[in-house]
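S.K.: Sharing a structure with you now.
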Amino acid sequence: MSDWLTPGLAHLWLPYTQMKTAPTPLAVVSSQGVRLKLADGRELVDGISSWWTACHGYSHPHIRAAVEAQLATLPHVMFAGLVHEPAARLAMRLAALLPGDLDRVFFTESGSVAVEVALKMAIQYWRNKGRAGKQRIVYFRHGYHGDTFATMALCDPEEGMHTLFAGSMPDQIMAELPTDENLRRAFDLLLDTHAERIAAVIVEPLVQGAGGMQMHDAETLASIAEACRRHEVLLIADEIMTGFGRTGRMFACEEANVVPDIICLSKALTGGTLPLATTVARRHVFEAFLADDPGAALMHGPTYMANALACAAANASLDLFTSEPRLVQVAAIEAQLATELAPCRELQGVTDVRVKGAIGAVELCGKIDLDGLRRRFAELGVWVRPFGKVVYLMPPFVIDADDLSLLTGAVYRVLTERAASLP
Ligand SMILES: *Cc1c(COP(=O)(O)O)cnc(C)c1O
């Protein structure tokens, strides 16, 4: 075994982990394509793309070459008063790719911070327009927007950390996703009642990820955008998970022909290689910050914003969306996930199977032994990490049909074993 694992673990604090009882994490030594190589020599087929980032698989030579070339010339430079080509090119490309006039790009280093910046933009937008009372944010049940204080307050109150940090978080307004006529009327009434206090509505378009892989249709998304427009409320699309092809289009908003006022992107932005996020604003949002008063400017600036290595990786990642058939691959994954996960529906302890793009989710009921399920998946040679009530697959888009069958087969097998042990 590795000589660093046990002594190193004595000093590591892992995420979302009860360090007293959690099983020892697996030691990874390298990654290639859709496979993770472990220190003990085993290989796991990755079913979740390192928290949904590694859309081109690991160690894609094109991204590696771009990062190496950037490392040799300009790894990083502060981004105030100075700019560099990788960031400028990336901003131009994102503006061209994104729908409508979403064309002003603010860089940060993580999804949570991208959402924080979106919130600042939305609140200050109204303030700059003389409507300082519009400060509240509306979010949806099952939503997830990050782990920082402002973003925690926008996560599902039952699944999120609301109870833990009650009293320390800003008070925001939760709504139900308006998936039918009654809910649409209720949502409309909510915006109508509080319009003078609401700066923005934030939504994960089409798929709510960390809140349990809940899916809604394009019509629901379009109705949210419509209501926002009618009530003079900004719409923030959190496409940190859905962006860059995951739902079948480059951006999930496209499926509903929705152009949000602000969009947040991260996760697959660099193809899973380096941390980078962006908050992109439409022209009218940006223009509300233009004034002779310095106080009207956006007051935010992470130290490592627009890191040049990360921007180079993101540019290379965007190249791959044109030089390789990513969206075609996503469509094939969608069809295969739908076929191969469908039998899970018949298993005891399964309440739903949902597929959208390269996302497949099986929802469970009854007592769920997450550590036990995770251990079984690793024993079967796959890296699948269920959370809450869902076992889900979000493989790299480059996965071939055989490896994908390995993943879906493992899900079916592990859930069949679980069904047999249920009372
Ligand atoms: C992961 C995620 C975030 C938070 O991103 P971090 O980089 O983990 O801070 C926010 N919103 C959505 C939809 C996400 O999936």
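S.K.: Any residue at all in the stretch 123-130 that's surrounded by fewer than 16 Cβ atoms within 10 Å (Cβ to Cβ), modelled with pLDDT of 95 or more and of a type in the set (Lys, Arg)?
M.R.: yes
S.K.: Among (1) closer than 27 Å to residue 325 by Cβ; (2) touching a Ser or Thr at 6+ places or on another chain (Cβ under 7 Å), there is one condition residue 262 misses while meeting the rest; what is its number?
M.R.: Of the numbered conditions (1) closer than 27 Å to residue 325 by Cβ; (2) touching a Ser or Thr at 6+ places or on another chain (Cβ under 7 Å), the odd one out for residue 262 is (1).
Residue by residue, here is whether (1) in contact (Cβ under 8 Å) with a residue 24 or more places away in the chain; (2) under 24 Å from residue 145 (Cβ atoms); (3) within 16 Å of the ligand (Cβ to nearest atom) holds:
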| position | (1), (2), (3) |
| --- | --- |
| 299 | yes, yes, no |
| 305 | yes, yes, yes |
| 309 | yes, no, no |
| 321 | yes, no, no |
| 350 | yes, no, no |
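S.K.: What number of residues within the stretch 48-60 satisfy the criterion of being under 28 Å from residue 212 (Cα atoms), assigned to a loop (DSSP other than H, G, I, E, B) and of a type in the set (Gly, Ala, Ser)?
M.R.: 2
S.K.: On the basis of being more than 16 Å from the ligand (Cβ to nearest atom), among the aromatic types (Phe, Trp, Tyr) and surrounded by fewer than 23 Cβ atoms within 10 Å (Cβ to Cβ), does residue 79 make the cut?
M.R.: Considered against the rule, which asks whether it is more than 16 Å from the ligand (Cβ to nearest atom), among the aromatic types (Phe, Trp, Tyr) and surrounded by fewer than 23 Cβ atoms within 10 Å (Cβ to Cβ), residue 79 comes out as yes.
S.K.: Ok, one more. Has the stretch 361-369 got at least one residue that is of a type in the set (Asp, Glu), touching a strand residue (DSSP E or B) at 6+ places or on another chain (Cβ under 7 Å) and not assigned by TED's automatic domain parsing to the domain that holds residue 161?
M.R.: Yes - at least one qualifying residue is present in the stretch 361-369.
S.K.: Hey, among 63, 137, which residue is touching a helix residue (DSSP H, G or I) at 6+ places or on another chain (Cβ under 7 Å), within 16 Å of the ligand (Cβ to nearest atom) and either β-branched (Val, Ile, Thr) or closer than 26 Å to residue 196 by Cα (or both)?
M.R.: Exactly one residue qualifies, and that residue is 137.
S.K.: With (1) buried (at least 24 other Cβ atoms within 10 Å of the Cβ); (2) closer than 22 Å to residue 158 by Cβ; (3) of a type outside the set (Gly, Ala, Ser) as the list, and residue 235 as the residue in question, which single condition is left unmet?
M.R.: Here residue 235 meets the rest and fails (2).
Matching residues to (1) in contact with an Asp or Glu (Cβ under 6 Å, 6 or more places away or on another chain); (2) more than 15 Å from residue 99 (Cβ to Cβ); (3) within 16 Å of the ligand (Cβ to nearest atom):
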| residue | (1), (2), (3) |
| --- | --- |
| 242 | no, no, yes |
| 263 | yes, no, yes |
| 266 | no, yes, yes |
| 272 | no, yes, yes |
| 275 | yes, yes, yes |
| 285 | yes, no, no |
| 292 | no, yes, no |
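S.K.: I'd like to know if the stretch 158-176 contains one or more residues that are closer than 30 Å to residue 305 by Cα, out of contact with any Leu (no Cβ under 8 Å at 6 or more places or on another chain), hydroxyl-bearing (Ser, Thr, Tyr) and more than 14 Å from the ligand (Cβ to nearest atom).
M.R.: Among the residues of the stretch 158-176, at least one is closer than 30 Å to residue 305 by Cα, out of contact with any Leu (no Cβ under 8 Å at 6 or more places or on another chain), hydroxyl-bearing (Ser, Thr, Tyr) and more than 14 Å from the ligand (Cβ to nearest atom), which makes the answer yes.
S.K.: Turning to a different aspect of this structure: If a residue has to be over 19 Å from the mean Cα position of the chain (by Cα) and either under 18 Å from residue 109 (Cα atoms) or surrounded by 14 or more Cβ atoms within 10 Å (Cβ to Cβ) (or both) to count, how many in the stretch 143-172 make the cut?
M.R.: 3
The values are calculated or read from the model by the stated rules, or taken from the named source; none is laboratory data. What you see is a predicted model; the values in this text were computed from it and never measured. Positions of Cβ are backbone-derived with ideal geometry, glycine not excepted, and every protein chain shown enters the neighbour counts.
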